[in-house]
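Colleague: Just dropping this structure here.
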Amino acid sequence: MLYTSNPRLITVGETMMMVTPAHAESLATADDVRLHPGGAESNVACHTAYLGVHSAWVSAVGDDVLGRRIVRSIEERGVDTRWVTSDPGAPTGVYFKDPGHGVLYYRRGSAASRMSPDTLAGVPLEDAEVVHLSGITPALSATCAALVDAAIERVAASRARLSFDVNYRPSLWPDGEAAPVLRELADRADVVFVGLDEAQALWGCTTPEDVRALLPGPGRVVVKDGDVGATELGRDGTVFEPAIPTEVLEAVGAGDAFAAGYLAADLNGAGASGRLRAGHERARLVLLSMSDFVADPPAAAAAALTQSTD
């Protein structure tokens, strides 16, 4: 699809080729595997695009078959990819999902790790309604950290709002470095998403209120607590919405889906409960799948956005 207008939501970050078993079994025994694009920020863009929001993903991929496949696949999901660049000097990253055992990354020296503030040249961050970043990007390299800082500064000087998902990945950070960096970045955002387990590992928080006390800057802090539910702590009060009971097939990617459902509902005028419900509904679809992205029936997508009259 050829886009000429500015996107309402812009995401920035690495996407790798994900190799995952076709069924819920370990990589140690799986014979049938699938290839899917996998990246926190492009996941958000794919979900929000499906929910009717003009969304763009900004990144770099290698000038290789995996990079081209990733871009084509994300374009097919309705995402604006005109600011994705191809780097002939570095490969596209790869990772493997091992159901029940997490993920294995092969991303060192990837094209996306070479992103810098120059990657944002010509990207209309200031004209978006929401710019979405995650705590994965600053861990990839010094130049990626500089990119995140530059993006935050540009958004802060504009009418756009900054959405930040903490997305703590311990394997990407040297010991002790993640906690202060992610806290500082999160506190500069307008909307923050963080799992209660992440907040406990990073900062010793045990309740959503602990997280809010640690992050006074954002207008809203959204704390996710697995199958318990999610809490939005905003300037006007605190709202809790229970999770939807789900038989979990694979959990990786559900946090991105939650953020996308929440942001899409927010952009369509939903209140706090409606935003949280939309996040849960989108996350549930991923929990039931081996993929980070699931195209559900249009009626279900519409329902996730219309449940906003709280």
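Colleague: Would you pick out the residues in region 178-190 that are open to solvent by 70 Å² or more (accessible area, probe 1.4 Å) and farther than 17 Å from residue 205 by Cα?
Modeller: Listed by number, the list holds a single entry, 188.
Colleague: So residue 31 fits all but one of (1) open to solvent by 10 Å² or more (accessible area, probe 1.4 Å); (2) acidic (Asp, Glu); (3) assigned to a helix (DSSP H, G or I); what number is the exception?
Modeller: (3)
Colleague: Pairs only if they're at least six apart or on different chains, beta carbon under 6 angstrom, first in region 132-143 and over 15 Å from residue 162 (Cα atoms) and in contact (Cβ under 8 Å) with a residue 24 or more places away in the chain, second open to solvent by 10 Å² or more (accessible area, probe 1.4 Å) and part of a loop (DSSP other than H, G, I, E, B); list them, first residue then second.
Modeller: 136/167; 136/169; 139/173; 143/116
Colleague: If I filter region 1-53 down to residues being farther than 19 Å from residue 127 by Cβ and hydroxyl-bearing (Ser, Thr, Tyr), which single residue comes out as farthest from the chain's Cα centre (by Cα)?
Modeller: Top of the filtered list is 29.
Colleague: Could you grab me the full set of residues in region 267-280 that are part of a helix (DSSP H, G or I), closer than 15 Å to residue 231 by Cα and open to solvent by 10 Å² or more (accessible area, probe 1.4 Å)?
Modeller: 272, 273, 275, 277, 280
Colleague: Here are 223, 211, 192: which of them is hydrophobic (A, V, I, L, M, F, W, C), in contact with a Pro (Cβ under 6 Å, 6 or more places away or on another chain), modelled with pLDDT of 95 or more and farther than 20 Å from residue 137 by Cα?
Modeller: Of 223, 211, 192, the one residue that is hydrophobic (A, V, I, L, M, F, W, C), in contact with a Pro (Cβ under 6 Å, 6 or more places away or on another chain), modelled with pLDDT of 95 or more and farther than 20 Å from residue 137 by Cα is 223.
Colleague: Let me ask another. Looking at region 78-173, what strands (runs of 3 or more DSSP E) fall wholly within it and have at least 2 residues that are open to solvent by 40 Å² or more (accessible area, probe 1.4 Å)?
Modeller: 84-87, 103-106
Colleague: If you check every pair at least six apart or on different chains, which have Cβ atoms under 6 Å apart with a residue in region 1-17 that is under 19 Å from residue 264 (Cα atoms) first and a residue that is charged (D, E, K, R) and open to solvent by 10 Å² or more (accessible area, probe 1.4 Å) second?
Modeller: These pairs meet every condition: 6/127; 8/129.
The values are calculated or read from the model by the stated rules, or taken from the named source; none is laboratory data. All figures in this text were calculated on a predicted structure; none of them were measured in a lab. Every residue, glycine as well, gets a Cβ built from its backbone with ideal geometry; the counts of neighbours run over all protein chains shown. The protein model used for the area step is the full one, side chains on, heavy atoms only, and it has no ligands, DNA or RNA in it. Shrake-Rupley method; radii C 1.70, N 1.55, O 1.52, S 1.80 Å.
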